[in-house]
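The values are calculated or read from the model by the stated rules, or taken from the named source; none is laboratory data. None of the values given here were measured: they were computed from a predicted structure. Just so you know, the surface numbers come from the protein's heavy atoms only, side chains and all, with ligands and any DNA or RNA stripped out. Shrake-Rupley method; radii C 1.70, N 1.55, O 1.52, S 1.80 Å.
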Amino acid sequence: MKKDVENIWIDLNEELYKFIYSKVKDKEVTKDILQEVFIKIQLKIVQLQQVQKLIPWIYQITRNTIIDYFRSLKIKNISVDDIDIPQEQSEDIAYTKLSTCINQKIDLLSSKHKEAIVLVTFKEYSQKELAKHLKISYSGTKSRVQKARDILKENIINCPNVETDIQGKLIDFDSNNS
């Protein structure tokens, strides 16, 4: 069970942070709400009966936690009804499915390519910082990052639910086929 929550954290942490921040517009409050959401997930995941409803269930917990936060403020000028928290999260779900698909493709990379992609793209290392970290030349780092991007791009383009333009740029993702 603990491993399930860790995997959820890895897959959804950033998406949920962005979702919460878009509603509360405060980084510290967003972090607090995100932490509270994951505590609730950890405590209540045993109650989830249908695994395929995991993402909507998590977003419902998140929406409810955001609403609880605004209620706790007790500011008369803000009504919970005035807060734009849509019940249907089709875009967020589609984005999450695409993110999960990309994360799975990243996991398929060799360890050296995976490390290069993760550190440059998600941890925002510069290629010079990556070269120092890996203890290889700057040109070797550039080659490794480019090769990792090329492999990842090819793996994503080959997905049946991804549509690309002539240059190979992602233009659409059919979340119903993932």
Ranking by accessible area, most exposed first, for His113, His133 with a 1.4 Å probe: His133, His113
For the range 1-51, fraction of C-alpha pairs farther apart than 17 Å, in %: 37
Ranking by accessible area, most exposed first, for Arg63, Arg149, Arg71 with a 1.4 Å probe: Arg71, Arg149, Arg63
